[in-house]
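Shown next, in structure tokens, is the structure this report addresses.
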Amino acid sequence: MLWSLIKILAFVAVVMAVTFGATMLMDMDGSATFDIGGQAATLSVLELFVALVVFVALVWLVFKLIGLAIATFKFLNGDETAISRYFSRNRERKGFEALSEGMMALASGEGRLAMAKANRAEKYLERPELTNLLTAQAAELAGDRKTAEATYRKLLEDERTRFVGVRGIMKQKLEDGDTDTALALAEKAFAIKPKHVETQDTLLRLQAEKADWKGARQTLTAKLKTGQLPRNVHRRRDAVLALSEAKGILDDGQTIEAQEAAIEANRMSPDLIPAAVMASEMYLEKDNKRAATRVVKKAWDVAPHPDLAAAYAAIEPDEDAAARLKRFRALTKVHPDHPETKMLLAELYIAAEDFPEARRTITELVAEHPTARSLTIMAAIERGEGSADAVVRGWLAKALTAPRGPQWICDNCQHIHQAWEPVCANCMGFDTLSWREPPEGEVAMPAGVEMLPLIVGQIEAPTTDMTVVDAEIVEDEASATDEK
């Protein structure tokens, strides 16, 4: 209704302007005399203006008649569409103008205007493969999801626009959280355009979320074949997927298949810590200690990690503390200045009850970069050397408020995980977890205060069993609370 009122007011304004202009021309003095073939004609200013308008109109009409004559001539010479093209040329011009204006409106964020221009373009062009896409995107921008989905479904009817329709509906389902339908649509879109990078990434992410590791590996291989993924990145991510597949197979009770999958994952990416740990476990299932040792050492050479140390300890679970300390020299000599190496050595010395050597090993690390784990080790050393309870409690109090040290952190959203996962639990990013210290201000996980019981073994009293120490922490804190 408002638009109709605006058009009426505009029409009235135009009529008033024309009337005002004609009145002014009639009131102007002067005339023009034309002498044609001895016939003189005198025209006023208004008549001269009208004659000029008529002359321009006649020229335009002549050109149109010439164009029509040419089209008729072509038609008579066998071009059956010449006359229809002549009459549709003006409609096409108006249609493409409306389409262009609609695209500009879409780029400017004017969804409703873009929808109106798309409807106008369709009226003149009758080219739904062009106008439907503009309509769908404009409807999404305007918040009209029902119209957008209906338009995307129309695109499914044409083979040339089917991919666009599938992709549009898929994105809507993702926004709605309907990942099951989105996965089915992503697979269909991938089948239509396997080289489309965004579709590859979306399908891979959804397959990883649904634990479809086999399908995800196929998608990853397709990315490699189309040149969208470097070969070294492919090997790393394929190893992640193979490891995840192995865990799934193991959960289903298929031990032999899980062993093969875990070993394959470690072969593709020897520096992938979880793969190395699981491969070591699978080799031990086969009673192949040599292969398990080789796998752990190779991963440790890249970067020391407590999980690798625990896996190395599990190779000889019944050895005494002295034998364990000697065997672990194969690891600790590789990165002697690494914080993980120093803490590992200190724990091994504590297990061997060599507390002075444990102190010499850990003192510099505690002074320069104290963490909850290193401070807890110092508390164990103090207890082992017979220090007063107040000294032990002092170290433990520092440990409770100290940084937790390296943890599994998502590189995308900085979310901290207690254990490695192929997909971030917070942002659903694939292969985004790395072992590092959290940024300043991040909340740390409580697991960082624990020692490695698999490395030091279960030490009985009166030596420093960390289970006992932890129990005493709780008792001390309770006593302190009661005193307050």
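Hey, could you check region 315-333 for residues that are assigned to a helix (DSSP H, G or I) and touching a residue at least 24 places away in the same chain (Cβ under 8 Å) and say which is nearest to Met278 (Cα to Cα)?
Ile315
Taking region 154-206 on its own, how many of its residues are surrounded by fewer than 15 Cβ atoms within 10 Å (Cβ to Cβ), in a helix (DSSP H, G or I) and charged (D, E, K, R)?
4
Go through (1) more than 20 Å from Thr432 (Cα to Cα); (2) not in a helix (DSSP H, G or I) and name the single condition Asp271 misses.
Asp271 satisfies all of (1) more than 20 Å from Thr432 (Cα to Cα); (2) not in a helix (DSSP H, G or I) except (1).
Return yes or no: is Ala265 modelled with pLDDT of 90 or more, farther than 27 Å from Gly386 by Cβ, within 37 Å of the chain's Cα centre (by Cα) and not β-branched (Val, Ile, Thr)?
Criteria not met by Ala265.
Just to verify a result, which residue in region 350-380, among those that are in contact (Cβ under 8 Å) with a residue 60 or more places away in the chain and not hydroxyl-bearing (Ser, Thr, Tyr), is nearest to Arg324 (Cα to Cα)?
Filtering region 350-380 for residues that are in contact (Cβ under 8 Å) with a residue 60 or more places away in the chain and not hydroxyl-bearing (Ser, Thr, Tyr), the one nearest to Arg324 (Cα to Cα) comes out as Ala351.
Quick check on this structure: which one of Pro439, Pro406 is of a type outside the set (D, E, K, R) and at pLDDT below 90?
Pro439 is the lone residue from the list that is of a type outside the set (D, E, K, R) and at pLDDT below 90.
If a residue has to be basic (Lys, Arg), surrounded by 16 or more Cβ atoms within 10 Å (Cβ to Cβ) and over 17 Å from Pro406 (Cβ atoms) to count, how many in region 333-382 make the cut?
Here the count works out to 1.
If the requirement is being modelled with pLDDT under 90 and either assigned to a helix (DSSP H, G or I) or under 24 Å from Leu308 (Cα atoms) (or both), which of these qualifies: Leu400, Leu344?
From the options Leu400, Leu344, the qualifying one is Leu400.
Look at region 282-314 and say how many of its residues are buried (at least 18 other Cβ atoms within 10 Å of the Cβ) and assigned to a helix (DSSP H, G or I).
15
The values are calculated or read from the model by the stated rules, or taken from the named source; none is laboratory data. If you're wondering where the values come from, they're calculated on a predicted model, not measured in any experiment. For neighbour counting, all protein chains shown are included, and Cβ atoms are generated from backbone atoms with ideal geometry for every residue, glycine included.
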